[in-house]
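The values are calculated or read from the model by the stated rules, or taken from the named source; none is laboratory data. Being a predicted model, the structure only gives us computed values, none of them experimental. Glycine also receives a Cβ, built like all others from the backbone with ideal geometry; neighbour counts cover every protein chain displayed. The area values use the complete protein model at the heavy-atom level, side chains included, leaving out ligands, DNA and RNA. Shrake-Rupley method; radii C 1.70, N 1.55, O 1.52, S 1.80 Å.
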Amino acid sequence: MLRAVAGLVVVPGLMLTACGDPQTDDPKKPATKATTEKGTDATTGTQAGGTLPKGEPDVNGDGKVVIGVMSPGDTKDKGYYQSFVDESQKYADENGWKLTIVDKINPAAAVQQARNLCRQRVDMVAIGASELKDALSASTEPQCKGVTWYISGGMGVKQTPEFTQSLDFINESLYAAGYAAGLVLKDNGGKKAGYITGPDLDFARAVAKAFKAGIKAVVPDAELVENYTGDFNDSGKANEAANAQLSQGVKVIYPYLGGATDSVTRIANKKGVPALTPGTDRCGDASGVKYAISVVFSPGAYFAGALKDFKAGTLRMGVAREWHLGKDPVPYVKLCDPKGDQEAQLKKLTEDIGSGKLNVDDAVAGKQ
């Protein structure tokens, strides 16, 4: 979500990012080249610039590697938040590392939770969403000396020498998601799409704007029905919004939520209305919940690159890595059961965004 969020509040597999500058937090400015490194592969590659912590991955030299994971959400949500933990656990198991997970953290308690992890002698503090960005202030405190810090930055956190972050971009992923939804609408003859999310925040509005622009690129007279429930995880409120939207004739629905995602999608499934995922690839999901479109910008995918570098001793602090649709393995948008030339159309759009042939920011702003 904020793609995880952004210094604003982020959430569920949601939070991606806008073109945020990690040094200024100004969403209107592109990331500063001197402090960013383009993502090249989710599991390989290194970063230029920045500083290398000593002794990675066992930075405190105690003979073991411990990764402390902090999440504002439920790490068993089968979506955005869980993907971050799953990637951590995978690396821990493969390399004999220990994983310490603290989830459902109130942002007000972020700093204290980070201090607690440092006292447990972790080698890395990995923050799953920018909602908990205040935890980074503990990086300069005595008990956290030498610890490596990583955050899934979403729209971007003001960069300092003490941590590294990943950045992705709302307009890229959500315009493509809207385009895919538009292809589905065109096929089923619908004119209305639904968007259900949690708190009414700037980033949530930005997601809706990009999503709507993508839809209208395929179905110019389409309408987007928006609901802001105030809570990413409250299934009752989300279900109420879903039922209301379906009664209004919505023919594709986007539950841009956390723990309430599957609940909304089950309702949509019963009505035969296609749904999109908020962050992870769930095409062919074995849980019985069916998705028509996977919109993939999960923090775990970006974290994989950081953990690979951490293991190799090449994860540099003080820099941010950007991940772009059509250039890197993630993010991406996938039609689970494409019809006709839908897959080819979506592929071309992705390529045009990645190459710059389509200025997606202008497209979202209605300038082209």
(message) Take the residue pairs LYS54/LYS308; LYS90/LYS308; LYS104/LYS271; LYS90/LYS145; LYS78/LYS133 and return only those whose Cα atoms are more than 21 Å apart.
(response) LYS104/LYS271; LYS90/LYS145; LYS78/LYS133
(request) For GLU223, list long-range residues whose amide hydrogen, built 1.01 Å from N in the peptide plane, is under 5 Å from its own amide hydrogen. (result) LYS192, ALA193
(request) Counting other Cβ atoms within 10 Å, keep those with at most 14, restrict to DSSP loop, and tell me which trypsin sites (Lys or Arg not before Pro) in the range 50-116 are left. (result) LYS54, LYS64, LYS76, LYS104
(request) For the chain, find the longest principal axis of its Cα atoms and tell me its angle to the long axis of helix 235-247, 0 to 90°, nearest 10. (result) 30
(request) Please calculate how many Å² of accessible area the range 100-229 carries per residue, with a 1.4 Å probe and no DNA, RNA or ligand atoms counted. (result) 35
(request) Kindly write out, for the range 194-202 in residue order, the coupling ³J(HN,Hα) from the Karplus curve 6.51 cos²θ - 1.76 cosθ + 1.60 (θ = phi - 60°), rounded to whole Hz, with x marking Gly and Pro. (result) x, 9, 10, 9, x, x, 7, 10, 4
(request) Return the sequence-ordered ³J(HN,Hα) values of the range 210-223 in whole Hz as given by the Karplus equation 6.51 cos²θ - 1.76 cosθ + 1.60 applied to θ = phi - 60°, using x for Gly and Pro. (result) 5, 4, 5, 4, x, 4, 5, 5, 9, 10, x, 9, 6, 10
(message) Placing +1 on the Cβ of each Lys and Arg and -1 on the Cβ of each Asp and Glu in the range 217-368, which of ALA286, PRO255, HIS324 has its Cα farthest towards the positive end of the resulting dipole?
(response) ALA286
(request) Return the sequence-ordered ³J(HN,Hα) values of the range 292-303 in whole Hz as given by the Karplus equation 6.51 cos²θ - 1.76 cosθ + 1.60 applied to θ = phi - 60°, using x for Gly and Pro. (result) 8, 9, 9, 10, 9, 8, 5, x, x, 5, 6, 5
(request) Whole Å is fine, so just give me how far the alpha carbon centre of the range 270-292 lies from that of the range 55-103. (result) 27
(request) Over the chain, calculate the relative contact order: mean separation of alpha carbon pairs under 8 Å at least 6 apart, over the residue count, as a percent. (result) 24
(request) Pop out the carbon and sulfur fraction of the accessible area of the chain as a percent, whole number, probe 1.4 Å. (result) 48
(request) Only Lys, Arg, Asp and Glu count, each charged at its Cβ (+1, +1, -1, -1), so figure out the dipole size of the range 175-243 about its Cα centre, rounded to 20 debye. (result) 300
(request) Search the structure for amide H atoms under 5 Å from the amide H of LEU358, placed 1.01 Å from N in the peptide plane, and list their residues when 5 or more places away or on another chain. (result) ILE353
(message) Give me the dipole magnitude in Debye, nearest 20, for the chain about the Cα centre, with unit charges on the beta carbon: positive for Lys and Arg, negative for Asp and Glu.
(response) 320
(request) Excluding GLY249 itself, calculate the net charge of residues whose Cβ lies under 14 Å from the Cβ of GLY249, where each Lys or Arg counts +1 and each Asp or Glu counts -1. (result) +2
(request) Just the number, please: percent antiparallel of the DSSP beta bridges in the chain, rounded to the nearest 5. (result) 10
(request) Mind checking the range 315-368 for trypsin sites (Lys or Arg not before Pro) that DSSP puts in a loop (not H, G, I, E or B) and that have at most 15 other Cβ atoms within 10 Å? (result) LYS339, LYS357, LYS367
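How would the range 309-368 be classified by its alpha-carbon gyration tensor: rounded, prolate or oblate, with rounded meaning a/c under 1.5 and the a/b versus b/c comparison settling the rest? Each step should come with its number before you reach the end.
Numbers: a/c = 3.61, a/b = 1.63, b/c = 2.21.
Oblate, since a/c reaches 1.5 and b/c is not below a/b.
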(message) To test your reading of the geometry: what angle, between 0 and 90 degrees and rounded to tens, separates the Cα axis of helix 342-355 from the longest principal axis of the chain?
(response) 50
(message) Run the simple label-point estimate for LYS90 and SER137 please: 7 Å along Cα→C-beta, distance reported in nm.
(response) 3.5
